[in-house]
């Protein structure tokens with residue numbers, strides 16, 4: 001693995017805004033930084049990153065198997081008691097899950113080590129799956145990177161396949177934290193991937209939603 005310094009594209013901010021990447025800068029600080037990139041060998045990707053990722057994902061599912069049978073563990077994971085049965089039923093009936101994010105420490109020699117498994121607010125999907133690819137393609141077109149350069153992740157394609165597998169399962173709802181442009185951008189990216197999979201979606205702002213007498217959300 002090598003960290004390679006590179007000149008940023010002079011028009012990257014305009015490109016970001018054209019592509020809907022509205023959180024490229026947060027609170028005056030650059031959120032997106034393309035002044036360096038990381039170069040991996042194929043073995044480093046498959047052996048040191050993808051293999052432990054698959055193993056860790058399987059371990060997470062083993063944990064879920066134990067957690068759903070224990071009210072103590074559900075409570076420790078901050079699952080509201082009102083949702084215990086819902087979570088348990090969803091697991092036992094094999095409802096599909098979509099995606100999460102593993103944060104790794106990696107030295108380029110040994111297998112990646114897990115720092116955090118983020119299945120609650122796993123942002124970075126848009127940057128890794130879409131805008132990073134735009135950067136790669138533009139840098140190849142401009143002759144900055146060689147034509148054989150590639151992006152190792154296939155996040156966008158994987159999400160489309162995942163949505164396609166659950167397309168017939170009824171309505172699919174997207175929500176995000178109010179006031180967070182990062183969460184909104186991530187959620188909008190997921191919604192677009194769902195549309196690519198043939199799921200019909202429509203955008204509703206929270207201001208257009210209210211509660212009926214039974215406490216259910218309704219369009220206003």
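Computed values, structure above
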quantity	calculated
Qualifying residues in region 34-55 (those that are under 30 Å from residue 24 (Cβ atoms) and in contact (Cβ under 8 Å) with a residue 60 or more places away in the chain) - the one surrounded by the most Cβ atoms within 10 Å (Cβ to Cβ)	48
All positions within region 114-145 that are without any contact (Cβ under 8 Å) to a residue 40 or more places away in the chain and part of a strand (DSSP E or B)	115, 116, 118
Which listed residue, of 81, 54, 14, is within 24 Å of residue 150 (Cβ to Cβ) and out of contact with any helix residue (DSSP H, G or I) (no Cβ under 7 Å at 6 or more places or on another chain)	54
Filtered residue count, region 2-31, keeping only those that are surrounded by 10 or more Cβ atoms within 10 Å (Cβ to Cβ) and within 23 Å of the chain's Cα centre (by Cα)	16
Selected residue (only one of 99, 37 is in a loop (DSSP other than H, G, I, E, B) and closer than 27 Å to residue 184 by Cα)	99
Residue in region 68-81 that is loosely packed, with under 12 Cβ neighbours inside 10 Å, at pLDDT 95 or above, assigned to a helix (DSSP H, G or I) and within 22 Å of the chain's Cα centre (by Cα) present	no
Residue under evaluation residue 152, criteria (1) over 20 Å from residue 190 (Cβ atoms); (2) touching a helix residue (DSSP H, G or I) at 6+ places or on another chain (Cβ under 9 Å); (3) modelled with pLDDT of 95 or more; (4) not in a strand (DSSP E or B), criterion not met	(3)
Single condition residue 110 does not satisfy, out of (1) touching a residue at least 40 places away in the same chain (Cβ under 8 Å); (2) surrounded by 13 or more Cβ atoms within 10 Å (Cβ to Cβ)	(2)
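Listed here are the residues, each with its yes/no results for (1) surrounded by fewer than 15 Cβ atoms within 10 Å (Cβ to Cβ); (2) under 18 Å from residue 97 (Cα atoms); (3) out of contact with any strand residue (DSSP E or B) (no Cβ under 9 Å at 6 or more places or on another chain).
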| position | (1), (2), (3) |
| --- | --- |
| 161 | yes, yes, yes |
| 172 | no, yes, yes |
| 176 | no, yes, yes |
| 185 | no, no, yes |
| 190 | no, yes, yes |
| 193 | no, yes, yes |
| 199 | no, yes, yes |
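The values are calculated or read from the model by the stated rules, or taken from the named source; none is laboratory data. Model, not experiment: these values are computed from the prediction. Virtual Cβ from ideal backbone geometry, glycine too; neighbours counted across all protein chains shown.
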